[in-house]
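Since the structure comes first, as structure tokens, the remarks are kept for the end.
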Amino acid sequence: MVDYLNHVILQQFKNWMLPIAMIVGGVFYPFVSSLSFLTPYLIFLMLLVPYCKLSFDDMRITRLHVILLGIQILGSLALFGIIALFDPLLAQGTFICVMAPTATSAAVITGMLGGNIAMLATYTLLSNLTVATLSPLVFSLIGSQTALPFFESFGIVCRQMIPLLILPFVIAVLLKRFAPRIHRQLRERQQISFYLWAVALTIVMGNTVAFLMKQDASNYVNEIWMALLALAVCCAQFLAGRRIGRRYRNKIAGAQGLGQKNTILAIWMAQTYLTPIASVGPAAYVIWQNLINSYQLWAKRHREQVLPKKEPVKTPIGLPGTPVIHPQR
């Protein structure tokens, strides 16, 4: 009985862990934001665990990758052109929420939701490299600040991406080759990523609230509009990625690949290339994408608890009033 109660309490705690993490990060942001230096290490460990399921043979560029990449790049430019007709500042804040590459932690949520980690990992790599390559050209055309030299921009993005995205995969391969016991333990304990993600989410929320609190009070109207547009864009990207991914039997990876953004990198790009206040867009996007992910994880766990595994129904044969079911030949 005690074990059953402990199991129920643990499941309920998991269901509400991410919303609790967001609330704790927002309320205690002065202290939590000081722990931001831990974020890269947490993401590194979060990726190492699901990457233990991958192999080089699993990583292939597909038509779905090309479609999602086209939406990310061309869609962001089209959206900027439309909104800029009304308000260039709002256009910049919304544009960066679409242009931003896929978050390296998206593979963690994809794995937790039962999606294709290999497909998402491949797209994350393509997304980050494409943005690193095109951002100097794009921002020099639409930005309001002097763009950094191409190789300097490329180097900054790569320094953020490679340690977080490539090294965990390399270490997972090395563990499989030289330490199979450790590799097997990590492969069989995928829930570790969930707890690491909760800690990382607390820190990210603390950083987001601290950033918003530092903004000038005169910009509140623009900030609210940017936050609302970020919400609309966030929902649209998750929905579009899910619908497109469903056509290729990768609805979860499609939604996460298009919807979950590297908001830390997006904020840096906005502050570097665009009007600094435009960074409020990706800062608000942090909240929206994590609310969506929290709901999806809660819904998945709720379905697993409510819907028991179906067992074959045994029909008694030969009793009066019961049909006789013959086995298929």
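Listed values, structure above:
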| quantity | calculated |
| --- | --- |
| Gained length - Leu141 relative to Leu239, 0.36 nm times residue gap less alpha-carbon distance | 32.3 nm |
| Separation in nanometres of the label points that stand 7 Å from Cα toward Cβ, at Gln185 and Lys53 | 2.1 nm |
| Rounded Å value of the spacing that divides the Cα centres of the range 125-142 and the range 15-71 | 21 Å |
| Chain lengthening between His302 and Phe28 when straightened (0.36 nm per residue, less Cα-Cα) | 95.8 nm |
| Whole-angstrom gap from the range 265-304 to the range 185-255, using each part's C-alpha centre | 3 Å |
| Additional length obtainable on full extension of the chain from Tyr41 to Ile82, 0.36 nm per residue less Cα span | 10.9 nm |
| Förster-model FRET efficiency, 25 Å R0, Arg159 and Ile61, C-beta, rounded to 0.05 | 0.55 |
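Read-outs throughout are calculated quantities, based only on the coordinates presented, and are distinct from any laboratory measurement. All values derive from a computational prediction rather than experimental measurement. Heads up, the Cβs are rebuilt from the backbone with ideal geometry, glycines too, and the neighbour counts pull from every protein chain shown.
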